[in-house]
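A.B. asks: Dropping the structure in here first, questions after.
Readers should treat all values here as calculations from the given coordinates under stated rules, not as data from a laboratory. Quick caveat, the model's predicted, so the values are computed rather than measured. Positions of Cβ are backbone-derived with ideal geometry, glycine not excepted, and every protein chain shown enters the neighbour counts.
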Amino acid sequence: MMTSTERMPDIRQSALVNRPEREAKPKGNATQGLPAASKIPTAGIQSVKQELDVVRREQAKLQQAIYEAAQIQRKLCAPRELVWGEFEIAGEIFPVRHLSGDFFKVMELDSALGLTVGDIAGKGLSAGIWQAHLMGLIRRSARRHSDPAAAVAEVNAELCQDQDEPPIAALFFARLDPKENELVYCNAGLPAPLLLRYNKTVERLEKGGPMLGALQKAAYDSGSVRLNPGDLLLAYSDGVTECRNSEDEEFEMGRLSAAVNAVAGASANQVLFSTLGAVLDFADACSPEDDLTLLVIRRREDAMIERFPSRSKDFSTPHRGPTSVVRPKKAERRGNRSK
């Protein structure tokens, strides 16, 4: 006969074996309280779902508002394409987000045509809001000063005035005289626009001064060039030449010149989209990290074109032609990438 001490391990083992069955089959009042407890997490999940639905609706409203703001921004940069006497003008912005810190503007200034390309430091909402303000300053100063350098200096001074932290912006502003076919310009920190002559020579428009918003009393100079039949001017933001591919190479100036020369003789609109195509082909699977902006001005070769502008002053109905892209041949693009 086993003593009580000897039987203790058997009793303890039996208790361990039988306990799950007892706990799995509660009886009587043991089940009371469980339904109420199970409802607590369910109510919490429903509350979280409702909060997520509210967040989603608010996010959708915000995205819609940003989209509408982007459409207004594009309208402020109109016209995208214009024929003005002997000149073809085409421009476009390609933001990496909905709103762009880049912009371009074409506006009539009495008998001249004002041409602007700008790049505000940063991206997104803050840059987009500053863009509208800066474009307003440019329009006002351009109408008050016939000298581009004086207009740019005034924009810079007003931008710095009463601003604790004014935005830093690069700006190219020019006045095109259709009678003299002369372009007078001031370049405030933007990559030097390229002037591709009909004879294939290339000039860079570098005259100007520092970026806007850095020094309130900064000094600026104007430069001038004559546009001959067949000449083409390309102004662009640094997002174009600094666009990178999967090997961390930049598009750079050499590839940009080659891309434009590859479609020599094409319309301003075709040059614009072909150049953009060359940049995106170079980037391949890599998305651009900065906004891209291009403005193309081309003087046509036809000597029988109407001498003076015939478009309305507000440019509300600019001439629009086909927007087909003329891309360089694949062999040429491969050759450009290897340079």
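A.B. asks: Could you give the length gained on full extension between Leu280 and Glu252, defined as 0.36 nm per residue of separation minus the Cα-Cα distance, in nm? Present the calculation step by step, with values, prior to reporting the outcome.
C.D. replies: Details: separation 28, 0.36 × 28 = 10.08 nm, distance 1.31 nm.
Going from the current span to full extension adds 8.8 nm.
A.B. asks: Also, quick follow-up: So if R0 is 45 Å, what FRET efficiency would Ala78 and Thr42 give, r being the distance between their Cβ atoms, rounded to the nearest 0.05? Kindly include the intermediate steps, with their values, before the conclusion.
C.D. replies: Working: r = 55 Å, r/R0 = 1.22.
FRET efficiency, Ala78 to Thr42: 0.25.
A.B. asks: What trypsin sites (Lys or Arg not before Pro) in region 159-204 are in a loop by DSSP, with at most 12 other Cβ atoms within 10 Å of the Cβ?
C.D. replies: Answer by residue number: Lys179, Lys200.
A.B. asks: Starting from the coordinates of the alpha-carbon atoms of region 112-267, obtain the Kirkwood hydrodynamic radius over all distinct pairs and give the value in Å to one decimal.
C.D. replies: 16.5 Å
A.B. asks: In nm, to one decimal, how far is the Leu125 label point from the Glu203 one, both placed 7 Å along Cα→Cβ?
C.D. replies: 4.5 nm
A.B. asks: Between Ala264 and Asp302, how many nm apart are label points set 7 Å from Cα along the C-beta direction?
C.D. replies: Placing both labels 7 Å along Cα→Cβ, they lie 2.2 nm apart.
A.B. asks: Also: For a test of the definition: using alpha carbon positions, the gyration tensor, and the 1.5 limit on a/c, classify region 92-135 as rounded, prolate or oblate. Before the final figure, lay out the partial values.
C.D. replies: Values: a/c = 3.37, a/b = 2.23, b/c = 1.51.
Prolate, because a/c is 1.5 or more and a/b exceeds b/c.
A.B. asks: For region 97-185, run through the GluC sites (Glu not before Pro) and keep only the ones in DSSP coil with at most 16 other Cβ atoms within 10 Å of their Cβ.
C.D. replies: Sites meeting the loop and neighbour criteria: Glu180.
A.B. asks: Another one. Take the residue pairs Lys49/Lys75; Lys105/Lys179; Lys105/Lys217 and return only those whose Cα atoms are more than 28 Å apart. Before the final figure, lay out each step's value.
C.D. replies: Working: Lys49/Lys75 39 Å; Lys105/Lys179 21 Å; Lys105/Lys217 25 Å.
Flagged as over cut-off: Lys49/Lys75.
A.B. asks: At Gln59 and Glu180, where each label point lies 7 Å from the Cα along Cα→Cβ, what is the point-to-point distance in nanometres?
C.D. replies: Placing both labels 7 Å beyond Cα along the Cβ direction yields 5.7 nm.
A.B. asks: Right, here's the next one. What size of dipole, in debye to the nearest 20, comes out for region 181-271 about its Cα centre when the only charges are +1 on Lys and Arg C-beta atoms and -1 on Asp and Glu C-beta atoms?
C.D. replies: On the way: 8 positive and 12 negative charges, 84 e Å.
I would put it at about 400 debye.
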